[in-house]
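Since the structure comes first, as structure tokens, the remarks are kept for the end.
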Protein chains: 4
Amino acid sequence: MDYTFELKMKVRDYECDLQGIVNNANYQHYIEHTRHEYLTSRGISFAQMHADGIDAVVARITMSYKTPLTSGDEFVSKLYLKREGIKYVFYQDIFRLPDMKCVMKAVVDTVCLINGRLGTCDELDQKLTFQE
Amino acid sequence: MDYTFELKMKVRDYECDLQGIVNNANYQHYIEHTRHEYLTSRGISFAQMHADGIDAVVARITMSYKTPLTSGDEFVSKLYLKREGIKYVFYQDIFRLPDMKCVMKAVVDTVCLINGRLGTCDELDQKLTFQE
Amino acid sequence: MDYTFELKMKVRDYECDLQGIVNNANYQHYIEHTRHEYLTSRGISFAQMHADGIDAVVARITMSYKTPLTSGDEFVSKLYLKREGIKYVFYQDIFRLPDMKCVMKAVVDTVCLINGRLGTCDELDQKLTFQE
Amino acid sequence: MDYTFELKMKVRDYECDLQGIVNNANYQHYIEHTRHEYLTSRGISFAQMHADGIDAVVARITMSYKTPLTSGDEFVSKLYLKREGIKYVFYQDIFRLPDMKCVMKAVVDTVCLINGRLGTCDELDQKLTFQE
């Protein structure tokens, strides 16, 4: 894999549920935050896009859970991106630190709504890096 | 106590943390939802208020935790309201069902920001019920 | 579709994000809660299973987002279940009320860990209803 | 103020609600995480304590909200601690970066439950730093 961006994070105890491991929905938070930080690193603000009437929304997400994270774990969240027609498809993997065991693999199809209608976003097309 | 509004709810497992009990922050969610449902019952939409430039915000909150809720518990969240100067002060208590054991007692000071400035909100003053 | 279980719910404002719609991760909360309530309706406690050393965990989840929910929306979360080898596969759909517009469709592969090892759970096999 | 511990964090967009600012309950998450990281820095694991039958629980919390955090904001969460009878009282303040504007001030009364009963915890008494 040739990742475009990565973000190091640490489990917060409130993210663990009664099984003592990170609740499944929180991985979705982790990878959303990673996408937004990637945008930020390219000079794009998700909140400003929304204020400008451009909403990047998730159309479909697939997550495969491999190894659960638990209290105290550190991890790195990595992504690369492909442009497939009108979709921006993020490939996002999480690895536990320091052993780099795979925690989760996700594919996230996103699309842009311009004032509520499906459209293309020049700013994203120009500032993001797409893999072939 | 003479409560003005009450809402019955049930613990969702994802709200429990690694101690097996509802995480403290979720009680704040419970009572926020109760306040908003109270507004709804009086014909007021919190989201519409925001869209109209009126934001009710919490200035101060005190919560006393008495008995933890856990997986499977049902509870009732009750409130009454006082007007203290510019503040709307919500007194909010949660009781476990069916034994009505007290779970949490909160006092929530809220104020209105009209286009970002402290102000009064006629709609709230007219539609809500205040105790002396 | 021939659903086995359904649960009516309502959006809570804190579940909406800065786009003003329910944050994607919260749908995972909604459908997790629906699964657990389904178990409860069959006399199975997710928390008790965990205490007994049996953890039902999500191995893979796919969610297709169709129509966003927003503040004030009510919805119904429905599911049916198939047994596919060692996997319990939940098919979970959410519909907005009252117009029954499709909000989200999910397929959730779950497996049982018995004291940490992949296994089968007689209690689930006996008490749950599987479609062919 | 003479703070004992501080942790730098950044707002994650999913923590913002439909008002476009961090939802009140998330500040409680921020300061819980800060307390747990403080424990970690002193060689104490909150999760291990729970596994050993010792649960530090919040008995009472007061939070004063001064300035809301919003998308993209970085902040520092600081704390110091006093021992008041059987209570461990955390004084926790959050400041926005880089202007150090005060975001929130909290006082958090915690107590220890040893196998479910109020008690004292030697490990905490020995490893933590208390202000007079």
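Remarks
- Likely footprinting exposure, A:Ser71, D:Ser77, fewest C-beta neighbours within 10 Å first: A:Ser71, D:Ser77
- Label points for B:Gln126 are taken 7 Å from Cα along Cα→Cβ. From this copy to the others they lie 4.8, 6.3, 6.7 nm apart, shortest first.
- Both radii were evaluated on the Cα set of the range D:5-127; the Rg over Rh quotient, with Rh as the Kirkwood radius, amounts to 1.00.
- Label-point distances for C:Lys87 to the equivalent site in the other copies, using a point 7 angstrom along Cα→C-beta, read 1.8, 5.2, 5.5 nm when ranked shortest first.
- To the nearest ten degrees, helix D:24-41 and the longest principal axis of the Cα atoms of chain D are 50 degrees apart.
- Per-pair calculated FRET efficiency, R0 = 45 Å: B:Asp2 and D:Thr67 via Cβ, rounded to 0.05: 0.80
- With its label point defined 7 Å out from Cα along the Cα-to-Cβ axis, B:Gln48 lies at 3.4, 4.5, 5.5 nm from the matching points of the other copies, in increasing order.
- Summed residue charge, Cβ within 11 Å of D:Gln19's Cβ, Lys/Arg positive, Asp/Glu negative: -4
- Exposure proxy ranking for C:His29, D:His50, based on other Cβ atoms within 10 angstrom of each Cβ and starting from the fewest, stands as D:His50, C:His29.
- Positive contributions from Lys and Arg (+1) and negative ones from Asp and Glu (-1), summed over other residues with Cβ under 15 Å from the Cβ of D:Thr67, come out at +1.
- For the range D:114-131, the Karplus equation 6.51 cos²θ - 1.76 cosθ + 1.60, evaluated at θ = phi - 60°, returns couplings of 9, 6, x, 10, 3, x, 10, 10, 4, 4, 5, 4, 7, 9, 8, 10, 10, 8 Hz by residue, with Gly and Pro reported as x.
- Taking label positions 7 Å along the Cα-Cβ direction at both C:Leu97 and B:Ile86, the computed distance is 4.0 nm, reported to one decimal.
- Ellipticity at 222 nm from helices only: DSSP H runs of n ≥ 4 in the protein assembly as shown, each -39500 (n - 2.57), divided by the residue count, give -6500 deg cm²/dmol.
- For the set A:Lys127/C:Lys66; D:Lys8/D:Lys87; A:Lys105/D:Lys78, the pairs lying more than 31 angstrom apart at their alpha carbons are A:Lys105/D:Lys78.
- Residue order, fewest to most surrounding Cβ atoms within 10 angstrom, among C:Glu6, A:Glu74, B:Glu32, A:Glu37: A:Glu74, C:Glu6, A:Glu37, B:Glu32
- Backbone amide hydrogens, once placed in the peptide plane, bring C:Lys101 within less than 5 Å of C:Arg96, excluding anything fewer than 5 places away on its chain.
- Relative contact order of chain C: 29 percent, from C-alpha pairs under 8 Å at least 6 residues apart in sequence.
- Table column - 3J(HN,Hα) (Hz), the range D:5-11, Karplus curve with 6.51, -1.76, 1.60, x for Gly and Pro: 8, 9, 9, 8, 9, 9, 4
Bear in mind that the values in this text are calculations on the coordinates, not laboratory data. As the structure is a prediction and not an experimental result, all values here were calculated from the model. Don't worry about glycine lacking a Cβ; one is built from the backbone with ideal geometry, like all the others, and counts go over all protein chains shown.
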